[in-house]
Amino acid sequence: MVGKAAVLASSICLVLLSSPSEASNAAKGGFDLPQPNGHHAVGTTTVVLGDPNRSRDLLVTMWYPAGDGISAPAPYMDPRTADALAKEWNLQPDFQRLVRTHARILAPIAEGDSFPVVLLEHGSGVVPAIYTILAEGLASSGFIVVATNHPPDSLISVYPDGHELRFRPYWPAEADRRTQGVAIGKFAHEVLVADVRFILDQLQEMNTQDHFWRGHLDLAKVGIVGHSMGGTTAALAAQEDPRILAGVNLDGSTYPGMNADVRPIGVRKPFLFLATLEHASDETHAREYIGSESNTYYVVVTGAHHMSFTDGDLLDNRFKSGVKPDDNIFEQALRISVLTRSLVEEFFVKYLKAGVAPALDVVVQVEKK
């Protein structure tokens, strides 16, 4: 059956057997990130936004459509963040020096109208930089991407003054799984979603008062995308904050740790779920969220695992200590990464720009709830 997803079904399962191929352009020991496929060059900057009411400082990295101008290429991540990730993932030291991005630091913003905003929420124990392929693609396609580093859920936050915050569990280590899950769900509500609300408030202020951003942020068109725990954040924030119009969950769970007691989140807004086959086939995970009946997409990406929706597989293949790079595995990881980027871009083009989503709206299998 082929037709528009919004017309035919309340939920959709697209089983994707293949994905677009793209040349890796991989040099020995390193590689260029895949070229963004939008019309804009990409700029980036990182700022610290302080919330005195919660005694909380948040590192926020922004990628945006850029215009002409001369500025330095953006590093993949700072050396201390890369060192922490290398130790966590057993990557070679200074791997970040061999990853070439397409963004430039503080490049001028593209002229013209303001741009829709997409909030990017990271998973637990990682950092926003591992979503650079997705972020650069969205920025090139005309979105301003706002990625918040959420301590203590991130692996590390390195601040401009030199101090850092490391990941630490925010659940009782010795408790049973359900008790841990309740604590994690509480953290998602009280910290992560609160961070999202604060960032949206700050973006409003920046849009009126900051000389660089003034008038460039279209805050009437806000979406959110999150991976893993960030997917939970995306669903909760979309449910609770009316400023968010649409969301994407990349293989996330409702309340991690509560697999035997799933409580669906009634988002009731356009939502895209990208999942692994393992996640989608699990009875306690397959329908964790409830979206609008006419515009909810469930996409199962065959061959993917949980970290396939990040840059992680590419880093692992090229920079794993003591392991020889495998070009076939690299190409498969690259295809899944580019496919993820393409589907997320299509979704936000449709629901934040009133465009079309041809790949999402081709129904391979229709499944009624």
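Comparison of THR254, THR233 shows that the only residue that is within 20 Å of ARG54 (Cα to Cα), crowded, with 20+ Cβ neighbours inside 10 Å and either under 19 Å from the mean Cα position of the chain (by Cα) or at pLDDT below 90 (or both) is THR233. Within segment 146-153, is there a residue that is more than 17 Å from ASP195 (Cβ to Cβ) and either open to solvent by 10 Å² or more (accessible area, probe 1.4 Å) or in contact (Cβ under 8 Å) with a residue 60 or more places away in the chain (or both)? There is no residue in segment 146-153 that is more than 17 Å from ASP195 (Cβ to Cβ) and either open to solvent by 10 Å² or more (accessible area, probe 1.4 Å) or in contact (Cβ under 8 Å) with a residue 60 or more places away in the chain (or both). Across segment 188-217, the number of residues qualifying as open to solvent by 30 Å² or more (accessible area, probe 1.4 Å) and not in a helix (DSSP H, G or I) comes to 6.
Just to verify a result, which residue in segment 96-105, among those that are within 22 Å of the chain's Cα centre (by Cα) and open to solvent by 60 Å² or more (accessible area, probe 1.4 Å), is nearest to LEU33 (Cα to Cα)? Talk me through it step by step, then tell me what you get.
Initially, segment 96-105 is screened for residues within 22 Å of the chain's Cα centre (by Cα), giving 96, 99-105.
Now drop any that are not open to solvent by 60 Å² or more (accessible area, probe 1.4 Å), which leaves 100, 104-105.
Numbers: ARG100: 6, ARG104: 14, ILE105: 16 Å.
Only one residue tops the list, namely ARG100.
One residue alone among GLY181, GLY185 is among the small types (Gly, Ala, Ser), in a helix (DSSP H, G or I), over 22 Å from ASP51 (Cβ atoms) and open to solvent by less than 60 Å² (accessible area, probe 1.4 Å), and that residue is GLY181. Only one of the numbered conditions (1) touching a Phe, Trp or Tyr at 6+ places or on another chain (Cβ under 7 Å); (2) open to solvent by less than 20 Å² (accessible area, probe 1.4 Å) is not met by ALA66, and that is (1). Before we move on, is GLY142 open to solvent by less than 10 Å² (accessible area, probe 1.4 Å) and closer than 24 Å to GLN239 by Cβ? In short, no.
What tally of residues in segment 87-96 results from selecting those that are in a helix (DSSP H, G or I) and in contact (Cβ under 8 Å) with a residue 24 or more places away in the chain?
3
The sole residue among ALA82, ALA107, ALA72 that is of a type in the set (Gly, Ala, Ser) and in contact (Cβ under 8 Å) with a residue 60 or more places away in the chain is ALA107.
The residues of segment 69-91 that are surrounded by fewer than 19 Cβ atoms within 10 Å (Cβ to Cβ), within 16 Å of TYR159 (Cβ to Cβ) and not acidic (Asp, Glu), listed by number, are PRO79, ARG80.
Name every residue in segment 90-147 that is hydrophobic (A, V, I, L, M, F, W, C) and at positive phi, in order of residue number. Give the steps one after another, and end with the answer.
Here is the first cut: in segment 90-147, the residues hydrophobic (A, V, I, L, M, F, W, C) are 91, 95, 98-99, 103, 105-107, 109-110, 115, 117-120, 126-127, 129-130, 133-135, 138-139, 143-147.
Matches in segment 90-147: LEU106 only.
Need a quick list: helices (runs of 4 or more DSSP H) entirely within segment 258-369 having at least 2 residues that are modelled with pLDDT of 90 or more and either open to solvent by 40 Å² or more (accessible area, probe 1.4 Å) or of a type outside the set (Gly, Ala, Ser) (or both). In segment 258-369, 312-319, 327-353 are the helices (runs of 4 or more DSSP H) which contain 2 or more residues that are modelled with pLDDT of 90 or more and either open to solvent by 40 Å² or more (accessible area, probe 1.4 Å) or of a type outside the set (Gly, Ala, Ser) (or both). Of GLU164, GLU136, GLU174, all but one fail to be of a type in the set (D, E, K, R), crowded, with 22+ Cβ neighbours inside 10 Å and out of contact with any Asp or Glu (no Cβ under 9 Å at 6 or more places or on another chain); the exception is GLU136.
The condition (being within 21 Å of LEU203 (Cα to Cα) and either of a type in the set (Phe, Trp, Tyr) or crowded, with 24+ Cβ neighbours inside 10 Å (or both)) is satisfied by just one residue among PRO128, PRO108: PRO128.
Every listed requirement among (1) open to solvent by less than 10 Å² (accessible area, probe 1.4 Å); (2) not in a strand (DSSP E or B) is met by LEU58 save one, (2).
The set of residues in segment 138-172 that are in contact with a helix residue (DSSP H, G or I) (Cβ under 8 Å, 6 or more places away or on another chain) and either modelled with pLDDT under 90 or not in a strand (DSSP E or B) (or both) comprises LEU138, SER141, GLY142, PHE143, HIS150, ASP153, SER154, LEU155, TYR170, TRP171, PRO172.
What number of residues within segment 23-43 satisfy the criterion of being at pLDDT below 50, assigned to a loop (DSSP other than H, G, I, E, B) and more than 16 Å from PRO73 (Cβ to Cβ)? Break it down into steps so the answer makes sense when it comes.
Quick first cut of segment 23-43, residues at pLDDT below 50 only: 23-27.
Going one step further and asking which of them are assigned to a loop (DSSP other than H, G, I, E, B), we end up with 23-25.
Checking which are more than 16 Å from PRO73 (Cβ to Cβ) leaves us with 23-24.
Summing the residues that are at pLDDT below 50, assigned to a loop (DSSP other than H, G, I, E, B) and more than 16 Å from PRO73 (Cβ to Cβ) in segment 23-43 gives 2.
Just to be sure before I move on: is LEU119 more than 15 Å from the chain's Cα centre (by Cα) and either free of Cβ contacts under 8 Å to residues at least 12 places away in the same chain or part of a strand (DSSP E or B) (or both) in the structure I sent? No: the conditions fail for LEU119. Only a single criterion out of (1) of a type outside the set (Phe, Trp, Tyr); (2) out of contact with any Pro (no Cβ under 8 Å at 6 or more places or on another chain); (3) under 25 Å from LEU343 (Cα atoms) is not satisfied by HIS122, namely (2).
The values are calculated or read from the model by the stated rules, or taken from the named source; none is laboratory data. Just so we're clear, the structure is a prediction, and the values are computed from it rather than from any experiment. Heads up, the Cβs are rebuilt from the backbone with ideal geometry, glycines too, and the neighbour counts pull from every protein chain shown. In case anyone asks, the SASA skips ligands and DNA or RNA and just uses the protein heavy atoms, side chains included. Shrake-Rupley method; radii C 1.70, N 1.55, O 1.52, S 1.80 Å.
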